[in-house]
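The values are calculated or read from the model by the stated rules, or taken from the named source; none is laboratory data. Bear in mind that the values here come from a model prediction, so they are computed numbers and not experimental data. All Cβ positions, glycine included, derive from the backbone under ideal geometry; neighbour counts span all protein chains shown. Remember, those area values only see protein heavy atoms, side chains included, never the ligands or the DNA or RNA. Shrake-Rupley method; radii C 1.70, N 1.55, O 1.52, S 1.80 Å.
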Amino acid sequence: MTTPVFRFAPSPNGHLHIGHALSALLNARAAIALKGRFLVRVEDIDQTRCTSQLEEEMFEDLAWLGVPLDEPVLRQSENFSHYRSALEKLQDMGVVYPAYLTRAEIKRFVFRFEENGRSWPRDPDGAPVYPGDDAVLTEDERQTRADSDAPFALRLDMKKALRKLDRELTWDEAGAEGKALFEPVRKIPVEAVAWGDVVLARKDTPTSYHLSVVVDDARQGITDVLRGLDLYHATSVHRVLQELLGLPEPRYRHHRLILGEDGRKLSKSNQDTSLRSLRQNGMTHVQLRKLIGL
Ligand code: GLU
């Protein structure tokens, strides 16, 4: 049997909070139970918001939590060439196109579309599905932007990609929390159309979350992706990219989220739930584990 490899993949764009602690501890626990490895990946492609200071503090938090980490750490900002090659592979397959609409233009289009009672589709994260440049811009305008230095995003033509794959895709979703951590495994049908044409890269950034996560899960040999339920639907996109790129399919498990008092996802800007401030206020890691039900 191959050694299971788990990972924790935070972005150092703020301090870790108790939701990250749950994720890191569940991964560490699973790796220990299965005699596997537990790797950390620093998801720092957003070089404007991620800093080395925050990364350092993130490792301090993990040390305090007492999670045993294996080496090496993968830092996405040091791996842009790998994302670039994956992107080129997708471009060669003809499933990537430059998209010129700005956020404001998309917003205006959706606003107009919905003015008379119709509703424009939203992706599983609640963002409007990309309407396509030709829904908004004249042919001349599209050409002008293509010929100029205008900013663009490289998007996956989702329908074309699915036609190319031409098979029903699924992913393996394992277990429930507690004793049944890895069993049973259910086949979940991939529903990628709902995402529309997701962003794979931008003019000045050779990757996006979706692209780098599948490239890195493969490069790090991750067999088990154990992450929060907020990323459950994103797995459909990841499976499509894995199939297009010929990457191995890890097993997935999405764990419960810790919600704030307002019932919403915790945010890195809320200092009350950051591991750093809890620690500075005298909490021990044992108390923390109890607080998050572990
Ligand atoms: N970097 C992502 C986050 O902090 C996690 C990515 C993943 O686990 O796939 O939410």
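Let's see how each residue does on (1) more than 30 Å from S148 (Cα to Cα); (2) open to solvent by 30 Å² or more (accessible area, probe 1.4 Å); (3) modelled with pLDDT of 95 or more; (4) in a helix (DSSP H, G or I):
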{"position": "V40", "(1), (2), (3), (4)": "yes, no, yes, no"}
{"position": "Q53", "(1), (2), (3), (4)": "yes, yes, yes, yes"}
{"position": "M58", "(1), (2), (3), (4)": "yes, no, yes, yes"}
{"position": "V67", "(1), (2), (3), (4)": "yes, no, no, no"}
{"position": "E71", "(1), (2), (3), (4)": "yes, yes, yes, no"}
{"position": "Y83", "(1), (2), (3), (4)": "no, no, yes, yes"}
{"position": "Q91", "(1), (2), (3), (4)": "no, yes, yes, yes"}
{"position": "Y97", "(1), (2), (3), (4)": "no, yes, yes, no"}
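Out of the residues in the stretch 219-252 that are hydrophobic (A, V, I, L, M, F, W, C) and within 13 Å of the ligand (Cβ to nearest atom), which is surrounded by the fewest Cβ atoms within 10 Å (Cβ to Cβ)?
L229
The condition (being within 20 Å of T2 (Cβ to Cβ), without any contact (Cβ under 8 Å) to a residue 12 or more places away in the chain and of a type outside the set (S, T, Y)) is satisfied by just one residue among E173, E261, E183: E183.
Give the residues of the stretch 1-39 that are within 12 Å of the ligand (Cβ to nearest atom) and touching a Gly at 6+ places or on another chain (Cβ under 8 Å), sorted by residue number. If the condition is that a residue be within 12 Å of the ligand (Cβ to nearest atom) and touching a Gly at 6+ places or on another chain (Cβ under 8 Å), then F6, G19, S23 are the ones that fit.
Does the stretch 189-207 contain any residue that is among the basic types (K, R), away from the ligand (no atom under 16 Å from the Cβ) and farther than 29 Å from P98 by Cβ?
no
Against the numbered list (1) under 22 Å from S11 (Cα atoms); (2) more than 16 Å from the ligand (Cβ to nearest atom); (3) open to solvent by less than 80 Å² (accessible area, probe 1.4 Å); (4) not β-branched (V, I, T), Q280 comes up short only at (3). What about I258, is it within 14 Å of the ligand (Cβ to nearest atom) and farther than 20 Å from K187 by Cα? Here the answer is yes, as I258 does meet what is asked.
Within the stretch 1-38, the residues that satisfy the criterion of being within 17 Å of the chain's Cα centre (by Cα), open to solvent by less than 20 Å² (accessible area, probe 1.4 Å) and among the small types (G, A, S) are G14, G19, S23, A24. Of the residues making up the stretch 5-38, those that are over 23 Å from R264 (Cβ atoms) and either among the hydroxyl-bearing types (S, T, Y) or outside any helix (DSSP H, G or I) (or both) number 8. Do you know which residues across the stretch 196-218 are surrounded by fewer than 19 Cβ atoms within 10 Å (Cβ to Cβ) and among the charged types (D, E, K, R)? Scanning the stretch 196-218 gives R202, K203, D204.
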